[in-house]
Structure formats: C-alpha cells, structure tokens
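Taking it in order: structure first as structure tokens, then the write-up.
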Amino acid sequence: MKEKRRLFQKIFGKVKEPTAYLSRLKMLNGYESIYTGITGNEYDQKVARQCIDRIATQIALLDPQHIKGALSKQMQSQVGYLLGNKPNPVMNTYDFLYKITSNLYTNKNAFVFIDRDALGIIQGFYPLLALDYELYEDREGKLYLQFRFVNGQIYTLPYLELIHLRLFYNENDLFGTNDDALLTDLETAHTSSEGIKNAIKTSTSLKGILKFDGIIKETDILKTQTRFVNDYINLTNKSGIASLDEKADFQEVNIKPITLDADQLKMVNYNIYDYYGISENIIRNSFNTNEWNAFYEGVVKPRAKQMELEFTNKIFNKKGIKEGNRIIFSTNLLTYATLDSKVNLIKNASAYGYIRVDEAREMLGLARLGGKEGERLLQSLNSISTQIADAYQMGKKQEKEGE
C-alpha cells in the first residue's frame, strides 16, 4: 500500500485540484455524464482475452515518433524520447502501448495522463484505469474528468490534459460504447467451457441409486451408502471393485451432460473473433503475409491513426501543430513478408535508386554496414538519371554535328 501511495503521489502530486465551482456536464443525448470502468466481462473470457492480446501485442510493436514536417524529419525531443523509450518510470514503450490498447478494448475507453512540470514541459505519460469516470465543467465551460480508483482515491483532472481513446464511439457524447452486443457469445463460450469441464467430472464418477431389500434402519442405510462410496467412488481404489451384500442393489443412473459439438463451438469462437476483426490464424500465430496485412489494415492501422491524432492534439498546442509537429506510430510492413517478397521489393526499389545498402540488408535480417558503404544508394545500370541521359544525348548530337 505504501508503494501504491508513492506511485499515486508521483503521478498526481503536482496536480492541483480545481478550485472553481464544478457541476456535472449535461450531455446532448441525455446520457449520464458518468461512465463505469472496470467490468472484467471480456478480459475474464479466454477467447476474448486472446483477441485483445493479439491486437495489443501488434500495436505495442509500433514505433512512436515526434516528427516535424516531412516523415523523414524525426525530432530528437523530450516527447520523442519519452514515447519511444520510457513513457514513465515503471513502463517501457512496449508495455505502455500494450496497456492502453488492452484498456481500450476491455473498457472501450483508454486514458493517458500527460504529466507536465511548472513550465509546461512533459515529464511522462501515465495510463489510467479507474472504477468510474465522471465529467464536470466549470463556469467558463472548461471540462474536467473525475477518476475514482480501486483504492478509493479520487482525482479530478483537466480533460485537455488527458489523452482519450474511444472504441465504438456512438451513443455517448464523450465515452465509447460497452460490449453488450458481445455478451451472448461470451456467455455461450463460457457455458460451453464449463459444460466440458463438468462432462469430464461426470464421466469419471459413478452415479446411481442404492436400493435396499426390506425395511432397513436409516443409520444402516447411511452406513452402507458411505461404505459403498468409499469403496467404489474413490480415486484411491485402483481395483475398481466394490461389494454389496444381498440386502442392497445398485442401480446406475446415466447422466449425459449436454455440450456443444466441434462445429458449434467453432462458430461461437468465430463470432467472437469476427467481433474484434481478427482471424483464427492470427490468434494461433499461424498467419501468412496476406492474412497479417489484412489484420494490419483492418485493425492495427485504424488504431494507429486514432492514436496519432489524439496524441498530437493533446501534446502540442495549435501553434505547434501548425508548425508541423506531429506524433506518428510507424511500423515495418515487411516484418511478415516472405523472403521472395523482400528480394523482389529490393530489386524493384534499387532499379530506381530508392533504397540504400543498409536498408536492404536490414530487410533481409543482416547487420548494417554503416558508414558511406551503408548509405550508398542501390541502383540498377538499366536506370540512369535524366541529367546523365540528357548529357549523353547532347554529347551524341554534338559528335554527329561535328562529323
């Protein structure tokens, strides 16, 4: 608890609670300005957790960069260092991106607090996960979001100091929409899993009725039943043999638990995969290049674009954005390409001088050479610059005229 208090103090110690009068924000659509966070419905289910993990893992591999103007102009700034290496003292970039993505898909909202010092310089980025969130506004219309955490602590933060990612942004003016549409499939998958577990238990146990001949004392009935259970329905009885005298007769009762067959279970899982926009091969890590590219285009790329816009708008002011400052989340699209695809790309790119030696070597998993050799552009002799071509043609023309 002491460690938790220190962590909360480190994150929020410099945050000043608003002193102005705050009132609950009135939503345009009539929804409450409070959103309940941690539910656990999805993350407690195996199939849903697998989907969330695969998405979060791929987004965690993105490379956050602070650029200004052209994509090639990466800035060596405090923001770029934090996002690309260590967003806060307890997380590296991978863990940071994984956590906010996991929060987003589990709670349909993900919040990141931007920690600024007294001069406004960013010192860190902290993902926040609370029990519930409530929107307030002051008399000037400035928005605040109040967090109530699991430990009972309550903090009210300016909304503009929070990076806010939303999933299924539809009904609510500010928050993403819950996963009620998925609950039926999750419950079916859970029930099926429990049914299989219970079926295994049932198949390893004997169920039936002991029928006694004549009138027997209740104490004798219980004594015989207990002895029969201990002798027969007992894993330590390796012989599998039990005995009864002629006063009792055992009649077995066959109880066949109902479970989903393979096709039905596959359909339930497919519905969950489809909801997250993910395929079974992605789940099983047995995908090919085309399958990964489809997953990237349909799931990873939209989230990357969403993060680029939100991080940019919350980190930089209007003047900074107009000057070309942006946060991008880049990835190496050739990561899962086949060797043939990489070789063909290198051939085509080098034909026009689009690729350097070290870039080509990196694609093939080889060590960079560095220096002038590594920076040398690969170019086919079949393709020459227009200047050389013009000079060559002019030379030929002058030779012809001089004949």
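Bear in mind these aren't lab numbers, they're just calculated from the coordinates by the rules spelled out. Only a predicted model underlies this, so the values are computations on that prediction, with no experimental measurement involved. Cβ coordinates were reconstructed from backbone atoms using ideal geometry, including for glycine residues, and neighbour counts include every protein chain displayed.
Note on ARG303, ARG356, ARG284: ascending count of other Cβ atoms within 10 Å places them as ARG284, ARG356, ARG303, the fewest first. Full extension of the segment from GLU323 to THR219, taken as 0.36 nm per residue of separation minus the current Cα-Cα distance, would add 28.4 nm. Extending 7 Å from the Cα toward the beta-carbon at both LEU131 and THR331 defines two label points whose distance is 3.6 nm.
For the pair ASN170 and LEU345, a Förster radius of 41 Å applied to the C-beta separation gives a FRET efficiency near 0.55, rounded to the nearest 0.05. Neighbour counting of Cβ atoms within 10 Å sorts the residues ILE121, ILE55, fewest neighbours leading, into ILE121, ILE55.
Between ASP173 and ASN29, the built amide H atoms are under 5 Å apart, and every one of these is 5 or more places off in sequence or on another chain. Between LEU143 and ASN290, the simple label model (points 7 Å from Cα in the Cβ direction) yields a spacing of 4.3 nm. In this structure, the pairs whose alpha-carbon distance is over 26 Å, taken from LYS99/LYS322; LYS99/LYS314; LYS142/LYS314; LYS68/LYS108, are LYS99/LYS322; LYS68/LYS108.
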